[in-house]
Amino acid sequence: MEVDEGEVNAQIAAIARRQGRRFDRVRDELIKQGGLDNLYVRIRDEKIIAKLLEKAKVAESRPESKPEGEAADKKEKSGVKAKAEAAEQTGGEAGEAKPAKPKRKPPKKPQASDDAADAT
């Protein structure tokens, strides 16, 4: 992809207008700071991207919709599979229910006794 001097000069002119400066001063400053090469590369990259976008073909596709019965069967099978995997981890059978763990009761708070009141 080629970038000609006219394209570079057009970009320099745009920069000069935005900054309210003269074209020749902006160009000289770019040359002095090595910015002219960066400007050339930027213009080239923009041209390449524009060309690629011009040639690109966008194809939209939608996921295949499955009949509702098939989707429900899949969910049911995945549930059975999850139960089997959980049973393997706990060492039980897939259809076995785990024994319920007894609930812990919170510790009892000590009640103020009449003896403590007498001591004061």
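We did not get these values from a lab; they are worked out from the coordinates using the rules stated. Here the structure is a predicted model, which means the values were calculated and not measured. With ideal geometry, Cβ positions are generated from the backbone for all residues, glycine too; neighbour counts draw on all protein chains shown.
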Margin query: Could you tell me how many of the residues in region 20-34 are within 16 Å of GLU7 (Cβ to Cβ) and either among the hydrophobic types (A, V, I, L, M, F, W, C) or loosely packed, with under 12 Cβ neighbours inside 10 Å (or both)?
Written below: 3
Note to self: Take VAL41 and tell me if it is out of contact with any Ser or Thr (no Cβ under 6 Å at 6 or more places or on another chain) and not in a loop (DSSP other than H, G, I, E, B).
What the structure shows: yes
